[in-house]
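The values are calculated or read from the model by the stated rules, or taken from the named source; none is laboratory data. Because the structure is predicted, anything quoted here is derived from the model rather than measured. Cβ placement follows ideal geometry from the backbone for every residue including glycine, while neighbour counts extend to all protein chains displayed.
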Amino acid sequence: MEKTTEGRSSSDNAAAISGKILESPLTTSNDRPASKDDDAYLPNREAIPIICALGTAFFLVTLDRNILATVIPQITDEFHSIEDIGWYASAYMLTGSSFVLLFGKIYTFYPPKWVLLIAISLFEIGSAICGSAPNSIAFIIGRAVAGWGFAGIYIGGTVTLQRILPLHKRPMVMGMMGAVSAISSVAGPIIGGALATKISWRWCFYINLPVGGLAMGILALLLKATAPVKAGTTFKTKLAQLDPLGTLCFLPSIVCLILALQWGGSQYAWSNARIIVLLVLFAILLTCFIIIQIWKGEQATVPPHVFKQRSIVCGFIFSICLGSSMALMTYYLPIWFQAILGVDALHSGYEILPFLLSLTATALVAGFTVSKLGYYVPHMILSSVFMSIGAGLMTTFTPSTPKAQWIGYQILFGIGSGLGAQQTNVAAQAVLPRKDIAIGSALMMFGSQMSGAIFVPIGQSVFENHLLKGINGIAGVDGEAILNTGATELRGVVGSEVLESVLGVYDKALTQVYLVAVVVAALAVLSALGMEWKSVKKDKKADQRPAKVEDGGVSGRV
C-alpha cells in the first residue's frame, strides 16, 4: 500500500450467543428491561436545541477525523515530517478507542451533563493545540487530546439522548446523527482543501473552537444537570468501580495493538522483534484485563452480566463486521479511483459520493422506520445483505468498468451501511437497564472503531501480497518501487508499454481487498440473526407523562 497522503485520505471514518439467555426471540416493549427509561423525557421544544447541539458536536468530531485527507501535504511541508504522517490519524484513533470503555463507566457514576461538557472541552483543547502547533510532536499531542474528547462526546451523546427522549423516538434521532456523521465525512476533505488553499491548514482546527463553543453553550444552558444512574456512592466507591486496575491493563493493551498495526509492514517487517513484542504484550495485557473483569464482577469496566446479554454479544460482533467492512471500502475504494482512473486525492473523494450520500439517506430512513415499526433486527439483516452484494459487485471492477456500474455498486453498499449504522446502539438501549446503557453503547463503539484499526492493516497485507506477486510477473517492473509509489503518481513511474498490465495487476490486488470486505459483511448476518427481536415502541399514553427523573433519591428535570 502507498505511503503518501493519497493512500490515507479516506482512512478516518456479531454470531456468538450466550446460552444463559433463554428469552423468546420475539418480545414486546412490555418485556424489555429498559422500559423505565421512557418515564422521563423533554418536550420537543426543549429537546430539539439539545439534539442540534449534539449533532453539531458529532459533526465536528467526525469532520476532525476526515479533514486531514487533503491538508496533510501542507502540514508535512511546514513541519518537514513526512515520517509522522501515520501518527496524525492514528493518535486520534488511539485515544478515541482506548478511552471509550472508561468513559462508559464514568458516565455511570458522575453527572452526565458535566462529563459531556468536559469531553467537548478536551476536544476543543486538542483542536487549539493542533491549530497552534509549532512542530509535529505538538500536533500529534493535540490529535491525541482531541481523540480523548471524541470518545467522551460519542458516549455522552448516547447517554443524553437516552435521558431526554423516550426509546421509540431515539432510533429516528440516532439515524439523524448517523447522517450528520456521513455528511461530515463527505465535507471533511472538501472543507479541509478549501481552508488550506484559501487561508491556512491551521484553520481546519481553529474552526472547531467557535462552533464547538456554541454547542457547549447550548448544552450548558439548556441541558439540566441530573444525578448519575448510581448516585449517592462515596468517592472511594466510585473510584473502585471505575476499575483502575482493569483500566491500567486495558489502555496499554490497546496502545500496543495499535502501535503494532501502525508499524507492522510499513516501518518494520511483521517478523521484527518490536512488532512481535508489542503483539505479545497486547495478548498478555488483554488476558489480564479479561481476568480482572471476571474477578471484579459488577465493579468491572465491562460487568460480566452486560457482556453475557445475548443482544450485546451479537451486537458487538455485528459492530466489528460492519465497521471492518466499511473501513476497508472507505480506505481502499478511493485508491482504486486514484490508481486505476488516474484522479487526484481530492477528486477521488468526489467519486465515492454515491457511497456516502446513499449511506446518509439510508441512515435517515432507517432511523425513521425503526421508530415507526419498532424493530431494528430486520434492518441489521438487510444491512448485511446489501453490503455483501455491493462489495461483491465491486470485486468485479476492472480498468474498463463503466461509470454507471461503479456508481450503482457503491449505492448498494451505501444502502447496506446506512441500514446498519446505528442499530447496535439502538439495541443496547432496548435490552439494557438505564444504568448499563452507557457501557453497552461504549462496547458497540469500541467494536466499530477497533475493527477498522485491525482490518485496514489486514487489507494492506492482502493488497501488498497480491500486488507484488502480480508485478513480479511483469518484465522490467520493480514491484517495491510500485508499492512505494503514491496511487496518483503511478503513471509517472511506469512506462506506457507496461502501464496497462500494471493497472490490471493493481486492480486485481485492490479487488482482493474488497473480497475481504464481502466476507466480513456476510458474516454480519449471522450475528444479526442472533439478536433478540425487542420492540422500541411503547404505549403512546405513557408518553404524555411529565418529564421527571428520580435517580438515587434526586428528582428534577432531565
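Only residues that are part of a helix (DSSP H, G or I) and surrounded by fewer than 23 Cβ atoms within 10 Å (Cβ to Cβ) were counted in segment 361-385, giving 13.
Condition test on Gly96, is it closer than 24 Å to Thr197 by Cα and either touching a helix residue (DSSP H, G or I) at 6+ places or on another chain (Cβ under 8 Å) or acidic (Asp, Glu) (or both)? Talk me through it step by step, then tell me what you get.
Numbers: closer than 24 Å to Thr197 by Cα: no; either touching a helix residue (DSSP H, G or I) at 6+ places or on another chain (Cβ under 8 Å) or acidic (Asp, Glu) (or both): yes.
No, not satisfied.
Would you mind stating whether Leu357 is modelled with pLDDT of 85 or more, over 23 Å from the mean Cα position of the chain (by Cα) and over 21 Å from Phe455 (Cβ atoms)? So Leu357 does not fit the description; no. In segment 215-225, the qualifying residues are those that are hydrophobic (A, V, I, L, M, F, W, C) and more than 11 Å from Glu124 (Cβ to Cβ), and the one that is surrounded by the most Cβ atoms within 10 Å (Cβ to Cβ) is Leu223.
Give the residue that is farthest from Val100 (Cα to Cα), with candidates limited to residues of segment 127-138 that are surrounded by fewer than 24 Cβ atoms within 10 Å (Cβ to Cβ) and among the hydrophobic types (A, V, I, L, M, F, W, C).
Within segment 127-138, the first condition is being surrounded by fewer than 24 Cβ atoms within 10 Å (Cβ to Cβ), and the residues that meet it are 128-129, 131-138.
Within this subset, residues satisfying the condition of being among the hydrophobic types (A, V, I, L, M, F, W, C) are 128-129, 133, 137-138.
Working: Ala128: 22, Ile129: 22, Ala133: 26, Ile137: 24, Ala138: 23 Å.
Selected residue: Ala133.
Among the residues making up segment 185-213, those that are crowded, with 19+ Cβ neighbours inside 10 Å, small (Gly, Ala, Ser), over 30 Å from Arg434 (Cα atoms) and out of contact with any Cys (no Cβ under 6 Å at 6 or more places or on another chain) are Ser185, Gly188, Gly193, Ala196. For segment 338-347, taking the residues that are touching a helix residue (DSSP H, G or I) at 6+ places or on another chain (Cβ under 6 Å) and assigned to a helix (DSSP H, G or I), the one that is nearest to Phe397 (Cα to Cα) is identified as Ile340.
Here is a yes/no grid of residues against (1) surrounded by fewer than 19 Cβ atoms within 10 Å (Cβ to Cβ); (2) assigned to a helix (DSSP H, G or I):
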site: Ser271; (1), (2): yes, no
site: Ile276; (1), (2): yes, yes
site: Ile284; (1), (2): yes, yes
site: Gly297; (1), (2): yes, yes
site: Val306; (1), (2): no, yes
site: Trp336; (1), (2): no, yes
site: Gly349; (1), (2): no, yes
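In segment 498-546, how many are touching a Ser or Thr at 6+ places or on another chain (Cβ under 8 Å), of a type in the set (Ser, Thr, Tyr) and modelled with pLDDT under 90? Going through segment 498-546 one residue at a time, the tally reaches 1. Per the conditions (1) over 30 Å from Lys372 (Cβ atoms); (2) modelled with pLDDT of 85 or more; (3) part of a helix (DSSP H, G or I); (4) not acidic (Asp, Glu), the sole criterion not satisfied by Gly96 is (2).
Annotation: of all residues in segment 407-425 being among the β-branched types (Val, Ile, Thr) and over 13 Å from Gly392 (Cα atoms), the one that is surrounded by the most Cβ atoms within 10 Å (Cβ to Cβ) is Thr424. Only one of the numbered conditions (1) in a helix (DSSP H, G or I); (2) modelled with pLDDT under 85 is not met by Phe413, and that is (2). Cβ separations smaller than 6 Å between residues 6+ apart or across chains give the following pairs from segment 489-501 residues that are at negative phi to residues that are assigned to a helix (DSSP H, G or I) and surrounded by 10 or more Cβ atoms within 10 Å (Cβ to Cβ): Leu490/Ala339; Val494/Val502.
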